[in-house]
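The values are calculated or read from the model by the stated rules, or taken from the named source; none is laboratory data. Predicted model, so just to flag it, every value in this text is computed and none were measured. Positions of Cβ are backbone-derived with ideal geometry, glycine not excepted, and every protein chain shown enters the neighbour counts.
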Amino acid sequence: MSLIEDKCWAAFEKGDHKEAVHLLPLVKKPNKIRRENRWGNVTLLNFSSMNGWLDVTKDLITKYHFDPHKRDGLGCTCLHWAADSNQVDVLRYLIDECHCNPKVPGEYGDTVLHSVAANAGSLDFMKYLISHHQCDPMATTNWGMTVLHRAAEHIDIVKYLINECHCDPKATTKDGMTVLHCAAGHIDSEVIQVTEKFNTTLAAVKLHLDITYLVTIIEELTILNQMDCTKWFQFGLHLGLYDPRLKAIETDYRGKTVECFCEFSSYVVIGIDLV
């Protein structure tokens, strides 16, 4: 890419709206700019959607002829990117005006509902997706992760999915993870109380490290399109191995999901202290 294209890409990636708006008209063919990274084939529209830039997103589609239905390397559309960061205005525009299909899953089976549930999404928007676009609240990922599993950190969404959508709080993933596992991982006592009403006992919340979980864990960390320290803290909680010092591993292997996991698991398996 040219220098101006590099600067434009960096502005979108860093979330610098002012710089992005300044540089975009200077790029000859912005819809041809794409790069391979941990998300695969990514365009400026993906970052604009994630950043919640409604004005830029509209320009990219209407003036620069970006395809809002284009998938990245993980099979996700710009809808997934907007949902991952709870950009409701962009989501509504993409669905209502660009006719993007919120029911289309990514490569790992995650739907827009999964993303909205996982990332402190709007309950009103979730209701909108279910009632107006017939999104399935019982949809599962390739590994059996339900929308309810994803929502375990958010009590209002959990109550809605259980009480109004009749989602099963006892549903398990292919590796046996329940909604209560997820709630315990986030230390959400309210969610735990709600799920316990359905006879999902705390005794079940004891995960152990097993190499067969490798693919699932990598998927769950990758699909959220981020590798911040919070995710590693949550991962440690799920394994019963919470330790703030996990941050050192994330810093050394920032953004490299497989390397990060392997480094962490090697310490755990052979019992080395994470200091």
> Thr62 fails exactly one of the following numbered conditions: (1) free of Cβ contacts under 8 Å to residues at least 24 places away in the same chain; (2) surrounded by 18 or more Cβ atoms within 10 Å (Cβ to Cβ). What is the number of that condition?
Replying inline: (2)
>> Being more than 14 Å from the chain's Cα centre (by Cα), free of Cβ contacts under 8 Å to residues at least 12 places away in the same chain and either assigned to a loop (DSSP other than H, G, I, E, B) or loosely packed, with under 15 Cβ neighbours inside 10 Å (or both) is the requirement here; does His99 meet it?
In response: yes
>> Looking only at segment 118-166, count every residue that is small (Gly, Ala, Ser), in a helix (DSSP H, G or I), in contact (Cβ under 8 Å) with a residue 24 or more places away in the chain and surrounded by fewer than 23 Cβ atoms within 10 Å (Cβ to Cβ) and tell me the total.
In response: 0
>> So, in segment 34-73, how many residues would count as being basic (Lys, Arg) and modelled with pLDDT of 90 or more?
In response: 4
>> Given the condition out of contact with any Pro (no Cβ under 6 Å at 6 or more places or on another chain) and either under 28 Å from Leu129 (Cα atoms) or in contact (Cβ under 8 Å) with a residue 40 or more places away in the chain (or both), answer yes or no: does some residue in segment 1-12 qualify?
In response: yes
> Among the residues of segment 83-90, is there at least one that is loosely packed, with under 15 Cβ neighbours inside 10 Å, outside any loop (DSSP other than H, G, I, E, B) and without any contact (Cβ under 8 Å) to a residue 24 or more places away in the chain?
Replying inline: no
